[in-house]
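S.K.: Here it is, the structure, as structure tokens.
The values are calculated or read from the model by the stated rules, or taken from the named source; none is laboratory data. Predicted model, so just to flag it, every value in this text is computed and none were measured. Methodologically, a virtual Cβ is constructed for each residue, glycine included, from the backbone with ideal geometry; neighbour enumeration extends over all protein chains shown.
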Amino acid sequence: MKLPLEGAIDCDVHLSVPNVATLLPYMSDYWSDQLVTRYIDRVGFNLTSYPPRSPLTVRDDWRAAPGRPTGLAALQADVLDPGRLSGAICHTMHGAMALFNEDMGAEFCKAINAWVAKEWLDRDPRLRASILVHAQNPALAVEEIERCAGDKRFVAVLLPVMGDSPLGRRIYWPIYEACERYGLSLAVHAGSTYRNPPTAAGWPSYQSEDYMLQSSAFENLIVGFLAEGVFQKFPGLKLVCMESGFTWMPTFLWRTSKTWRGVRTEVPWLDRVPAEIIREHVRLTLQPVDAPRDPKILNKIFEQIACDDMIVYSSDYPHGHFDGDNGLPEGLSHELLRKIAIDNPRAAFPRLATVEAPDTKETV
């Protein structure tokens, strides 16, 4: 189904830094000199687990080709204009997240955020973005959040779902405190720094294994946030899971609540059923829709999630999760589609209040 109504907000659009040279003007003299002198400016810094030209990374009809728009013009032609969007949130997943050198990683993140602001946000008022941080050093991450927070066009803080340790751990809490203080959502995206294997048993052999295991990483993420008491410590925090899928959520809600009843003495700060906490704080992006095409089954999944607020619209541009303009699944009610496309994104990312709201009388 095509995007149904004007004013929708795309919560997961990907930007790609062309090369390191693009970022040099946004770096300090010291670091720009270091990168050139040490030939680091010639490194691609792609997250090579998902190469830039792989089918999962770029949909065929969104690939660069002679005569085809590139950069912002491509985003406008492929997503913003045909979808009649009122806003789109840009996320820049970059290899800097995996650097062991924390100072260099933080400098890359700073340059990327500055590049996004000038080359994208300044050039189209519909665009918003997440703040990329180097989470291995939470103090430096907070510095970058504070530097960017004054720009209301940044609406979230971006982290990969897998890193050095579970994100619920209290070492990361300064990041969440900064998110809550500035009204920023926490956007956790599928992916990893690959310091640790993506399975509990060790390293897999194939990319397909890693890709199919991403949903289990999000289950680990949410369980960690529950067990550590993140949502109790930061009651205003919104956790948005991106490219997580969502068909695993009904059984996950049931299992966490059932298990909590037997072990809740260990985590006394959980003062209510985990499913209620998840429904209040956790949001999931629509794409990829990991459900059968049968609308009855998909509607049943939404009934079992029992929370019309949980799913937010995303195209996942330029990744290849659907064909043509059919970015919405068939068979959902007009009321639910409107919530997914407009109302839920605005609630999941409070800073989207700066995006002009559509006419509420408009129907799907």
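S.K.: Looking only at residues in the range 8-54 that are among the β-branched types (Val, Ile, Thr) and assigned to a helix (DSSP H, G or I), which one is modelled with the lowest pLDDT?
M.R.: Among those that are among the β-branched types (Val, Ile, Thr) and assigned to a helix (DSSP H, G or I), it is 40.
S.K.: For the range 212-221, check the following and say yes or no: at least one residue is acidic (Asp, Glu), farther than 30 Å from residue 297 by Cβ and either under 22 Å from the mean Cα position of the chain (by Cα) or at pLDDT 90 or above (or both).
M.R.: no
S.K.: Of the residues 67, 71, which single one is within 21 Å of the chain's Cα centre (by Cα), surrounded by fewer than 19 Cβ atoms within 10 Å (Cβ to Cβ) and small (Gly, Ala, Ser)?
M.R.: Checking each option against the conditions leaves just 71.
S.K.: Sticking with this structure for a sec: Checking residue 289 against (1) free of Cβ contacts under 8 Å to residues at least 60 places away in the same chain; (2) in a helix (DSSP H, G or I); (3) aliphatic (A, V, I, L, M); (4) crowded, with 17+ Cβ neighbours inside 10 Å, which test does it fail?
M.R.: Among (1) free of Cβ contacts under 8 Å to residues at least 60 places away in the same chain; (2) in a helix (DSSP H, G or I); (3) aliphatic (A, V, I, L, M); (4) crowded, with 17+ Cβ neighbours inside 10 Å, residue 289 violates only (2).
S.K.: Here's a follow-up. Which residues, counting only those in the range 101-137, are more than 20 Å from residue 174 (Cα to Cα) and among the hydrophobic types (A, V, I, L, M, F, W, C)?
M.R.: Residues satisfying the conditions are 104, 108, 111, 112, 114, 115, 116, 117, 120, 121, 127, 129.
S.K.: Now, a different point. Can you tell me how many residues in the range 170-228 are surrounded by fewer than 17 Cβ atoms within 10 Å (Cβ to Cβ), in a helix (DSSP H, G or I) and among the β-branched types (Val, Ile, Thr)?
M.R.: Total meeting the criteria: 1.
S.K.: Take the range 233-270 and flag every residue that is over 14 Å from residue 282 (Cβ atoms), without any contact (Cβ under 8 Å) to a residue 40 or more places away in the chain and not charged (D, E, K, R).
M.R.: 251, 254, 259, 260, 262, 263, 265, 268 - these are the residues of the range 233-270 that are over 14 Å from residue 282 (Cβ atoms), without any contact (Cβ under 8 Å) to a residue 40 or more places away in the chain and not charged (D, E, K, R).
S.K.: I've got another one for you. Residues that are aromatic (Phe, Trp, Tyr), at pLDDT 95 or above and in contact with a Phe, Trp or Tyr (Cβ under 6 Å, 6 or more places away or on another chain): list the helices (runs of 4 or more DSSP H) wholly contained in the range 55-164 that include at least 1 such residues.
M.R.: Of the helices (runs of 4 or more DSSP H) lying wholly inside the range 55-164, those with at least 1 residues that are aromatic (Phe, Trp, Tyr), at pLDDT 95 or above and in contact with a Phe, Trp or Tyr (Cβ under 6 Å, 6 or more places away or on another chain) span 102-119.
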